[in-house]
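A.B. asks: Shown below is the structure under consideration.
The values are calculated or read from the model by the stated rules, or taken from the named source; none is laboratory data. All values derive from a computational prediction rather than experimental measurement. Note: ideal-geometry Cβ built from the backbone for every residue, glycine included; neighbour counts use all protein chains shown.
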Amino acid sequence: MLKETVNQKDQNLRRNAQEIETLSFLNTQLKSRLEILQQELNEIEAHTKLKKTNSNKISHMNSFNDSVLAQELEQKIKQYETIQRRVSFFFDLTIFIA
């Protein structure tokens, strides 16, 4: 019975370690995507400032693109926060089990 308990805890520990590894990988990918989106947004904002003299139609299109990028950035930030919470939870759980 003690051996079974140890085996179960060992399996849980390995499963949690694998989950942490997976979440860390996804976290890294998401962080990279967020950096790219932020850079694109900054470039668009800089470009928009330089092109203020253009027509309202072009300005409207840039505003739409900015809005889409801002929404995507916000969505990715929320995903990043969720992954961070899950990594923290599994890390705490792994420490507790060990």
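A.B. asks: Among 44, 58, 77, which is at pLDDT below 80 and of a type in the set (A, V, I, L, M)? Before you say what the answer is, go through the steps one by one.
C.D. replies: Working: 44 fails: at pLDDT below 80; 77 fails: at pLDDT below 80.
The unique qualifying residue is 58.
A.B. asks: Next question, about the same structure. Restricting to region 3-28, name every residue that is surrounded by fewer than 11 Cβ atoms within 10 Å (Cβ to Cβ) and under 24 Å from the mean Cα position of the chain (by Cα).
C.D. replies: none
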